[in-house]
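Q: Submitted below is the structure of interest, expressed as C-alpha coordinates.
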Amino acid sequence: MKTTLTGAETSADVAVVGAGPAGLYAAYCAGFRGLSSVLVDALPEPGGQLAALYPEKTIHDVAGHVAVRGRELTDELVAQAAPFAPRYLLGRTAASLTPDGRSGWVIGLEDGGRVRAGAVVIAAGLGRSTPRTLPCLRPYEGRGVAYHVPRLEAHRDRDVVVVGGGDSAVDWALALAPIARSVTVVHRRPSFRAHEHGVRRMYASDVRVLTDAQVTACEGVDRLEAVRVRTGGGELTLPARAVVAALGFITHPGPLADWGLRLENRQIAVDRAMRTNLPRVYAVGDICGYEGRVPLISVGFGEAATAVNHAAVELRPGSRLAPEHSTDREAALLS
Ligand code: FAD
(Lines give C-alpha, C1' and ligand atoms only; values in the text may rest on other atoms or scores of the structure.)
Protein backbone atom coordinates (compact mmCIF):
# COMPACT_ATOMS: atom_id res chain seq x y z
CA MET A 1 0.00 0.00 0.00
CA LYS A 2 1.58 3.30 -1.12
CA THR A 3 1.44 6.14 1.41
CA THR A 4 2.73 9.72 1.46
CA LEU A 5 4.43 11.67 4.22
CA THR A 6 2.60 14.23 6.35
CA GLY A 7 2.75 17.73 4.87
CA ALA A 8 3.81 16.57 1.40
CA GLU A 9 1.95 17.41 -1.81
CA THR A 10 0.64 14.66 -4.03
CA SER A 11 -1.42 14.58 -7.20
CA ALA A 12 -3.58 12.16 -9.15
CA ASP A 13 -6.32 12.11 -11.76
CA VAL A 14 -8.93 11.34 -9.11
CA ALA A 15 -8.83 12.17 -5.40
CA VAL A 16 -11.16 10.10 -3.23
CA VAL A 17 -12.13 11.45 0.18
CA GLY A 18 -12.95 8.46 2.39
CA ALA A 19 -11.55 4.94 2.15
CA GLY A 20 -14.72 3.11 3.18
CA PRO A 21 -16.23 0.52 0.82
CA ALA A 22 -17.52 3.15 -1.64
CA GLY A 23 -14.19 5.01 -1.73
CA LEU A 24 -12.14 1.84 -2.12
CA TYR A 25 -14.31 0.69 -5.00
CA ALA A 26 -14.03 4.14 -6.59
CA ALA A 27 -10.23 3.71 -6.53
CA TYR A 28 -10.62 0.36 -8.29
CA CYS A 29 -12.95 1.87 -10.91
CA ALA A 30 -10.51 4.75 -11.50
CA GLY A 31 -7.65 2.31 -12.01
CA PHE A 32 -9.73 0.24 -14.40
CA ARG A 33 -10.28 3.38 -16.50
CA GLY A 34 -6.51 4.04 -16.53
CA LEU A 35 -6.81 6.91 -14.03
CA SER A 36 -4.49 7.32 -11.05
CA SER A 37 -6.07 7.86 -7.64
CA VAL A 38 -5.31 9.07 -4.12
CA LEU A 39 -7.46 8.02 -1.16
CA VAL A 40 -7.57 10.26 1.92
CA ASP A 41 -9.03 8.93 5.17
CA ALA A 42 -9.07 10.32 8.68
CA LEU A 43 -8.90 6.80 10.13
CA PRO A 44 -5.58 4.95 10.40
CA GLU A 45 -6.78 2.02 8.26
CA PRO A 46 -9.02 1.63 5.22
CA GLY A 47 -12.52 0.15 5.39
CA GLY A 48 -14.63 2.96 6.88
CA GLN A 49 -17.48 1.67 9.04
CA LEU A 50 -16.65 -1.96 8.17
CA ALA A 51 -13.19 -1.75 9.69
CA ALA A 52 -13.96 0.70 12.49
CA LEU A 53 -17.36 -0.45 13.71
CA TYR A 54 -17.92 -4.07 12.76
CA PRO A 55 -14.79 -5.82 11.48
CA GLU A 56 -15.85 -9.17 12.94
CA LYS A 57 -19.52 -9.02 12.01
CA THR A 58 -20.80 -11.01 9.08
CA ILE A 59 -22.42 -9.13 6.19
CA HIS A 60 -24.97 -11.17 4.23
CA ASP A 61 -26.25 -8.76 1.61
CA VAL A 62 -23.26 -7.89 -0.55
CA ALA A 63 -23.85 -9.35 -4.01
CA GLY A 64 -21.77 -12.42 -4.70
CA HIS A 65 -20.88 -13.01 -1.03
CA VAL A 66 -23.07 -15.43 0.89
CA ALA A 67 -21.43 -14.15 4.06
CA VAL A 68 -18.37 -11.96 4.50
CA ARG A 69 -16.88 -10.30 7.58
CA GLY A 70 -16.31 -6.54 7.59
CA ARG A 71 -12.56 -7.06 7.80
CA GLU A 72 -12.51 -9.62 4.95
CA LEU A 73 -14.55 -7.40 2.62
CA THR A 74 -12.18 -4.51 3.34
CA ASP A 75 -9.15 -6.70 2.57
CA GLU A 76 -10.72 -7.83 -0.69
CA LEU A 77 -11.54 -4.27 -1.76
CA VAL A 78 -7.96 -3.18 -1.01
CA ALA A 79 -6.62 -6.19 -2.95
CA GLN A 80 -8.97 -5.52 -5.87
CA ALA A 81 -7.69 -1.94 -6.23
CA ALA A 82 -4.03 -2.86 -5.56
CA PRO A 83 -3.00 -3.64 -9.18
CA PHE A 84 -3.72 0.02 -9.98
CA ALA A 85 -1.53 1.24 -7.10
CA PRO A 86 -3.80 3.84 -5.52
CA ARG A 87 -1.98 6.05 -3.02
CA TYR A 88 -3.35 5.98 0.55
CA LEU A 89 -3.16 9.00 2.83
CA LEU A 90 -4.40 7.42 6.07
CA GLY A 91 -4.88 9.15 9.39
CA ARG A 92 -5.22 12.37 7.36
CA THR A 93 -8.33 14.56 7.33
CA ALA A 94 -9.42 16.44 4.22
CA ALA A 95 -10.10 19.96 5.49
CA SER A 96 -10.66 22.18 2.44
CA LEU A 97 -11.49 22.06 -1.25
CA THR A 98 -10.38 24.87 -3.57
CA PRO A 99 -10.28 25.21 -7.35
CA ASP A 100 -6.88 24.64 -8.94
CA GLY A 101 -6.62 26.55 -12.19
CA ARG A 102 -9.50 26.10 -14.60
CA SER A 103 -10.20 22.43 -14.32
CA GLY A 104 -8.81 20.84 -11.19
CA TRP A 105 -9.08 20.87 -7.44
CA VAL A 106 -6.78 21.08 -4.45
CA ILE A 107 -7.75 19.29 -1.27
CA GLY A 108 -6.07 20.81 1.78
CA LEU A 109 -5.35 18.34 4.57
CA GLU A 110 -5.56 19.24 8.25
CA ASP A 111 -1.83 18.53 8.66
CA GLY A 112 -0.85 20.96 5.90
CA GLY A 113 -0.58 18.39 3.08
CA ARG A 114 -2.22 19.02 -0.28
CA VAL A 115 -3.71 16.77 -2.93
CA ARG A 116 -4.15 18.04 -6.49
CA ALA A 117 -6.63 16.21 -8.70
CA GLY A 118 -8.60 16.62 -11.88
CA ALA A 119 -11.74 15.18 -10.28
CA VAL A 120 -12.81 14.55 -6.70
CA VAL A 121 -15.01 11.73 -5.44
CA ILE A 122 -16.34 12.37 -1.95
CA ALA A 123 -17.04 9.05 -0.21
CA ALA A 124 -17.00 10.37 3.34
CA GLY A 125 -19.81 8.16 4.67
CA LEU A 126 -21.17 9.41 7.95
CA GLY A 127 -18.49 12.10 8.03
CA ARG A 128 -17.03 12.51 11.47
CA SER A 129 -18.63 10.36 14.11
CA THR A 130 -18.45 10.57 17.89
CA PRO A 131 -19.70 7.68 20.02
CA ARG A 132 -22.60 8.31 22.40
CA THR A 133 -21.62 7.45 25.94
CA LEU A 134 -22.59 7.66 29.61
CA PRO A 135 -20.79 10.04 31.98
CA CYS A 136 -19.70 7.15 34.22
CA LEU A 137 -18.02 5.35 31.29
CA ARG A 138 -15.84 8.24 30.10
CA PRO A 139 -13.08 7.99 32.76
CA TYR A 140 -12.50 4.34 31.77
CA GLU A 141 -12.20 4.88 28.00
CA GLY A 142 -9.15 2.93 26.84
CA ARG A 143 -8.98 1.21 30.26
CA GLY A 144 -11.79 -1.28 29.65
CA VAL A 145 -14.50 0.86 28.07
CA ALA A 146 -14.68 0.76 24.26
CA TYR A 147 -17.23 1.75 21.62
CA HIS A 148 -16.58 -1.06 19.18
CA VAL A 149 -14.76 -4.38 19.10
CA PRO A 150 -11.86 -4.38 16.65
CA ARG A 151 -10.85 -7.96 17.67
CA LEU A 152 -13.18 -10.44 19.36
CA GLU A 153 -10.21 -12.50 20.54
CA ALA A 154 -9.10 -9.68 22.84
CA HIS A 155 -12.10 -10.59 25.02
CA ARG A 156 -11.38 -14.30 25.36
CA ASP A 157 -12.20 -15.52 28.90
CA ARG A 158 -13.20 -12.02 30.04
CA ASP A 159 -16.36 -10.81 31.72
CA VAL A 160 -17.90 -8.38 29.24
CA VAL A 161 -20.83 -5.99 29.71
CA VAL A 162 -22.52 -4.69 26.56
CA VAL A 163 -24.60 -1.53 26.98
CA GLY A 164 -27.39 -0.73 24.52
CA GLY A 165 -30.51 -2.08 22.89
CA GLY A 166 -29.94 -1.76 19.15
CA ASP A 167 -28.55 -4.13 16.53
CA SER A 168 -24.93 -3.39 17.41
CA ALA A 169 -25.46 -4.27 21.08
CA VAL A 170 -27.24 -7.54 20.26
CA ASP A 171 -24.77 -8.50 17.51
CA TRP A 172 -21.72 -7.83 19.68
CA ALA A 173 -23.26 -9.82 22.52
CA LEU A 174 -23.92 -12.80 20.22
CA ALA A 175 -20.46 -12.60 18.67
CA LEU A 176 -18.75 -12.40 22.08
CA ALA A 177 -20.82 -15.11 23.79
CA PRO A 178 -18.72 -18.10 22.59
CA ILE A 179 -15.43 -16.32 23.41
CA ALA A 180 -15.92 -14.33 26.60
CA ARG A 181 -16.27 -15.88 30.09
CA SER A 182 -19.57 -14.07 30.52
CA VAL A 183 -21.58 -11.55 28.51
CA THR A 184 -24.25 -9.35 30.11
CA VAL A 185 -26.37 -6.93 28.09
CA VAL A 186 -27.63 -3.92 30.02
CA HIS A 187 -30.47 -2.01 28.36
CA ARG A 188 -32.39 0.84 29.91
CA ARG A 189 -35.72 0.03 28.20
CA PRO A 190 -38.02 -3.00 28.63
CA SER A 191 -37.69 -4.11 24.99
CA PHE A 192 -35.02 -4.06 22.28
CA ARG A 193 -35.13 -2.05 19.06
CA ALA A 194 -32.74 -4.55 17.42
CA HIS A 195 -34.04 -7.00 14.81
CA GLU A 196 -36.36 -9.59 16.32
CA HIS A 197 -34.34 -12.53 15.03
CA GLY A 198 -31.19 -11.35 16.80
CA VAL A 199 -33.08 -10.62 20.01
CA ARG A 200 -34.61 -14.13 19.99
CA ARG A 201 -31.17 -15.67 19.47
CA MET A 202 -29.77 -13.59 22.31
CA TYR A 203 -32.46 -14.71 24.76
CA ALA A 204 -31.85 -18.34 23.69
CA SER A 205 -28.07 -18.02 24.22
CA ASP A 206 -25.85 -17.84 27.34
CA VAL A 207 -26.03 -14.04 27.29
CA ARG A 208 -27.47 -12.57 30.49
CA VAL A 209 -29.98 -9.84 29.67
CA LEU A 210 -30.86 -7.01 32.08
CA THR A 211 -33.64 -4.72 30.84
CA ASP A 212 -34.98 -1.59 32.57
CA ALA A 213 -31.43 -1.36 33.84
CA GLN A 214 -28.69 1.26 33.72
CA VAL A 215 -24.94 1.23 34.35
CA THR A 216 -24.40 3.82 37.10
CA ALA A 217 -20.71 3.48 37.97
CA CYS A 218 -17.45 1.81 36.96
CA GLU A 219 -15.01 0.37 39.49
CA GLY A 220 -11.32 -0.50 39.27
CA VAL A 221 -8.05 1.18 40.24
CA ASP A 222 -5.87 1.11 37.11
CA ARG A 223 -8.41 -0.41 34.80
CA LEU A 224 -12.00 -1.56 34.80
CA GLU A 225 -12.84 -4.43 37.14
CA ALA A 226 -16.58 -4.12 37.74
CA VAL A 227 -19.67 -2.06 36.94
CA ARG A 228 -22.60 -1.17 39.13
CA VAL A 229 -26.02 -1.58 37.54
CA ARG A 230 -29.32 -0.18 38.78
CA THR A 231 -32.29 -2.42 38.01
CA GLY A 232 -35.96 -2.38 39.03
CA GLY A 233 -35.05 -4.82 41.80
CA GLY A 234 -32.17 -2.76 43.25
CA GLU A 235 -28.47 -2.30 42.53
CA LEU A 236 -26.02 -5.06 41.63
CA THR A 237 -22.30 -5.21 40.91
CA LEU A 238 -21.11 -7.17 37.88
CA PRO A 239 -17.48 -8.22 37.34
CA ALA A 240 -16.38 -6.58 34.07
CA ARG A 241 -12.99 -6.47 32.35
CA ALA A 242 -14.64 -4.75 29.41
CA VAL A 243 -17.66 -2.61 28.67
CA VAL A 244 -18.73 -2.33 25.04
CA ALA A 245 -20.89 0.78 24.86
CA ALA A 246 -23.09 0.25 21.79
CA LEU A 247 -25.18 3.39 22.23
CA GLY A 248 -24.81 4.70 18.69
CA PHE A 249 -22.87 7.57 17.20
CA ILE A 250 -23.48 11.27 16.69
CA THR A 251 -22.41 12.10 13.17
CA HIS A 252 -21.78 15.35 11.34
CA PRO A 253 -20.25 16.18 7.96
CA GLY A 254 -17.15 17.81 9.52
CA PRO A 255 -15.06 20.10 7.29
CA LEU A 256 -17.07 19.10 4.19
CA ALA A 257 -19.90 21.35 5.36
CA ASP A 258 -17.80 24.39 4.37
CA TRP A 259 -16.81 23.25 0.87
CA GLY A 260 -19.65 25.00 -0.95
CA LEU A 261 -21.48 21.73 -1.61
CA ARG A 262 -25.26 21.70 -1.68
CA LEU A 263 -26.40 19.70 1.34
CA GLU A 264 -29.86 18.28 1.94
CA ASN A 265 -30.58 16.72 5.32
CA ARG A 266 -26.82 16.72 6.01
CA GLN A 267 -26.12 14.70 2.86
CA ILE A 268 -24.52 15.96 -0.35
CA ALA A 269 -27.13 16.42 -3.07
CA VAL A 270 -26.22 14.63 -6.31
CA ASP A 271 -27.76 14.12 -9.73
CA ARG A 272 -28.10 10.74 -11.47
CA ALA A 273 -24.44 10.79 -12.51
CA MET A 274 -23.47 11.38 -8.84
CA ARG A 275 -22.38 14.93 -9.72
CA THR A 276 -22.54 17.52 -6.95
CA ASN A 277 -23.16 21.23 -7.60
CA LEU A 278 -19.36 21.71 -8.04
CA PRO A 279 -17.81 20.80 -11.41
CA ARG A 280 -15.91 17.47 -11.44
CA VAL A 281 -16.79 16.84 -7.81
CA TYR A 282 -18.87 13.71 -7.23
CA ALA A 283 -20.33 12.21 -4.06
CA VAL A 284 -21.00 8.50 -3.46
CA GLY A 285 -21.91 6.16 -0.62
CA ASP A 286 -23.65 7.19 2.59
CA ILE A 287 -22.55 10.83 2.35
CA CYS A 288 -24.67 11.45 -0.75
CA GLY A 289 -28.41 11.88 -0.80
CA TYR A 290 -31.20 11.66 -3.33
CA GLU A 291 -34.80 10.63 -3.15
CA GLY A 292 -35.16 6.95 -2.42
CA ARG A 293 -31.50 6.24 -1.63
CA VAL A 294 -30.95 3.01 0.30
CA PRO A 295 -27.93 3.20 2.66
CA LEU A 296 -26.25 -0.08 1.78
CA ILE A 297 -22.73 -1.08 0.79
CA SER A 298 -23.92 -2.51 -2.53
CA VAL A 299 -25.65 0.76 -3.40
CA GLY A 300 -22.40 2.66 -2.72
CA PHE A 301 -20.54 0.33 -5.09
CA GLY A 302 -22.91 1.18 -7.94
CA GLU A 303 -22.64 4.89 -7.19
CA ALA A 304 -18.83 4.70 -7.20
CA ALA A 305 -18.84 3.05 -10.64
CA THR A 306 -21.26 5.67 -11.98
CA ALA A 307 -19.27 8.61 -10.57
CA VAL A 308 -15.86 7.44 -11.74
CA ASN A 309 -16.99 6.57 -15.26
CA HIS A 310 -18.56 10.01 -15.63
CA ALA A 311 -15.38 11.57 -14.24
CA ALA A 312 -13.37 9.57 -16.79
CA VAL A 313 -15.33 11.15 -19.65
CA GLU A 314 -14.79 14.63 -18.21
CA LEU A 315 -11.07 14.03 -17.70
CA ARG A 316 -10.61 12.36 -21.10
CA PRO A 317 -13.12 14.06 -23.42
CA GLY A 318 -14.14 11.74 -26.24
CA SER A 319 -13.75 8.57 -24.18
CA ARG A 320 -16.76 6.30 -23.76
CA LEU A 321 -18.96 6.45 -20.68
CA ALA A 322 -19.29 2.68 -20.40
CA PRO A 323 -16.01 1.02 -19.47
CA GLU A 324 -14.86 -2.05 -21.36
CA HIS A 325 -16.05 -5.25 -19.72
CA SER A 326 -13.58 -6.53 -17.15
CA THR A 327 -13.95 -9.95 -18.77
CA ASP A 328 -12.58 -8.47 -22.02
CA ARG A 329 -9.64 -7.05 -20.09
CA GLU A 330 -8.84 -10.51 -18.78
CA ALA A 331 -9.02 -11.99 -22.28
CA ALA A 332 -6.68 -9.28 -23.55
CA LEU A 333 -4.23 -9.95 -20.73
CA LEU A 334 -4.24 -13.70 -21.38
CA SER A 335 -3.82 -13.46 -25.17
P1 FAD B 1 -18.03 4.78 5.37
O2 FAD B 1 -17.93 3.31 5.50
O3 FAD B 1 -18.70 5.53 6.46
O4 FAD B 1 -16.57 5.36 5.15
C5 FAD B 1 -16.36 6.74 5.06
C6 FAD B 1 -14.93 7.08 5.40
O7 FAD B 1 -14.72 8.48 5.15
C8 FAD B 1 -14.57 6.86 6.86
O9 FAD B 1 -13.48 5.97 6.93
C10 FAD B 1 -14.22 8.25 7.39
O11 FAD B 1 -13.10 8.24 8.29
C12 FAD B 1 -13.81 8.98 6.11
N13 FAD B 1 -13.96 10.44 6.20
C14 FAD B 1 -15.07 11.17 6.49
N15 FAD B 1 -14.81 12.49 6.44
C16 FAD B 1 -13.48 12.60 6.11
C17 FAD B 1 -12.61 13.70 5.90
N18 FAD B 1 -13.02 14.98 5.99
N19 FAD B 1 -11.30 13.42 5.61
C20 FAD B 1 -10.86 12.13 5.52
N21 FAD B 1 -11.65 11.07 5.69
C22 FAD B 1 -12.94 11.29 5.97
N23 FAD B 1 -24.53 -2.16 5.13
C24 FAD B 1 -24.86 -3.22 4.36
O25 FAD B 1 -24.97 -3.09 3.14
N26 FAD B 1 -25.05 -4.46 4.92
C27 FAD B 1 -24.89 -4.70 6.27
O28 FAD B 1 -25.09 -5.81 6.74
C29 FAD B 1 -24.52 -3.59 7.09
N30 FAD B 1 -24.33 -3.77 8.43
C31 FAD B 1 -23.96 -2.70 9.19
C32 FAD B 1 -23.73 -2.89 10.57
C33 FAD B 1 -23.36 -1.82 11.37
C34 FAD B 1 -23.12 -2.05 12.84
C35 FAD B 1 -23.20 -0.52 10.79
C36 FAD B 1 -22.76 0.64 11.64
C37 FAD B 1 -23.40 -0.34 9.43
C38 FAD B 1 -23.80 -1.40 8.61
N39 FAD B 1 -24.02 -1.23 7.25
C40 FAD B 1 -24.35 -2.31 6.47
C41 FAD B 1 -23.91 0.09 6.61
C42 FAD B 1 -22.59 0.21 5.83
O43 FAD B 1 -21.49 -0.06 6.68
C44 FAD B 1 -22.47 1.60 5.24
O45 FAD B 1 -23.57 1.80 4.36
C46 FAD B 1 -21.16 1.74 4.48
O47 FAD B 1 -20.04 1.58 5.33
C48 FAD B 1 -21.08 3.10 3.80
O49 FAD B 1 -19.87 3.12 3.09
P50 FAD B 1 -19.17 4.48 2.67
O51 FAD B 1 -17.93 4.09 1.94
O52 FAD B 1 -20.16 5.36 2.03
O53 FAD B 1 -18.80 5.22 4.05
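The values are calculated or read from the model by the stated rules, or taken from the named source; none is laboratory data. In this text the structure is predicted, and so the values were computed from the model without any measurement. Here the Cβ positions follow ideal geometry from the backbone for every residue, glycine too, while neighbour counts run over all protein chains shown. We work out accessible area using only protein heavy atoms, side chains counted, and drop any ligands, DNA or RNA first. Shrake-Rupley method; radii C 1.70, N 1.55, O 1.52, S 1.80 Å.
Q: In units of 2.2 N^0.38 Å, what is the alpha-carbon radius of gyration of region 110-174?
A: That ratio works out to 1.63.
Q: Helix-derived [θ] at 222 nm for the chain: sum -39500 (n - 2.57) over DSSP H runs of at least 4, divide by residue count, nearest 500?
A: -6500 deg cm²/dmol
Q: Projected area of region 69-157, taken from the Cα convex hull and averaged over every viewing direction, in nm²?
A: Projected over every direction and averaged, the Cα hull of region 69-157 covers 9.2 nm².
Q: If you take the square roots of the eigenvalues of the alpha-carbon gyration tensor of region 21-75 and sort them as a ≥ b ≥ c, do you get rounded (a/c under 1.5), prolate (a/b over b/c) or oblate?
A: oblate
Q: A further question follows. Mind checking the full-extension length gain between Glu153 and Ile250? Use 0.36 nm per residue of separation minus the Cα-Cα distance, one decimal, nm.
A: 32.2 nm
Q: Please find the FRET efficiency linking Ser96 to Ile179, where r is the Cβ-Cβ separation and R0 is fixed at 41 Å, and quote it to the nearest 0.05.
A: After rounding, the FRET efficiency stands at 0.40.
Q: Ignoring solvent entirely, what values of log10 I(q)/I(0) come out of the Debye formula for region 196-252 at 0.12, 0.22, 0.23, 0.27 Å⁻¹ when each Cα is a single scatterer?
A: Values returned for q = 0.12, 0.22, 0.23, 0.27 Å⁻¹ are -0.39, -1.02, -1.06, -1.14.
Q: Could you check the simple spin-label distance between Ala63 and Glu324, using points 7 Å along Cα→Cβ, in nm with one decimal?
A: So the label points at Ala63 and Glu324 sit 2.2 nm apart.
Q: Still on this structure, please answer the following. If you take the beta carbon distance between Asp212 and Glu141 as r and set R0 to 30 Å, what does 1/(1 + (r/R0)^6) give as a FRET efficiency, to the nearest 0.05?
A: Calculated value: 0.70.
Q: Let me ask another. How many nm separate the modelled label positions at Ser205 and Thr231, each set 7 Å beyond the Cα in the direction of the Cβ?
A: 1.9 nm
Q: I would also like to ask the following. For Ile250, what accessible surface area do you get with a 1.4 Å probe? Give it in Å², rounded to 10.
A: The value for Ile250 is about 80 Å².
Q: Moving on. Could you derive backbone 3J(HN,Hα) for region 149-166 from the dihedral phi with the Karplus parameters 6.51, -1.76 and 1.60 (θ = phi - 60°), listing whole Hz in sequence and x where the residue is Gly or Pro?
A: 10, x, 9, 4, 4, 4, 9, 4, 6, 9, 8, 10, 10, 9, 10, x, x, x
Q: Only bridges with both residues in region 133-245 count here: give the DSSP antiparallel percent, nearest 5.
A: So the antiparallel bridges in region 133-245 amount to around 40 percent.
Q: With contacts defined as alpha carbon pairs under 8 Å and 6 or more residues apart, what's the relative contact order of the chain in percent?
A: 19 percent
Q: While we're on this one: First check a/c for region 133-245, with a ≥ b ≥ c the square roots of the eigenvalues of its C-alpha gyration tensor; if it is under 1.5, answer rounded, and if not, answer prolate when a/b is larger than b/c or oblate otherwise.
A: The shape class here is oblate.
Q: Applying a 10 Å radius around every beta-carbon, put 46-56, 142-152 in order of their mean neighbour count, most first.
A: 46-56, 142-152
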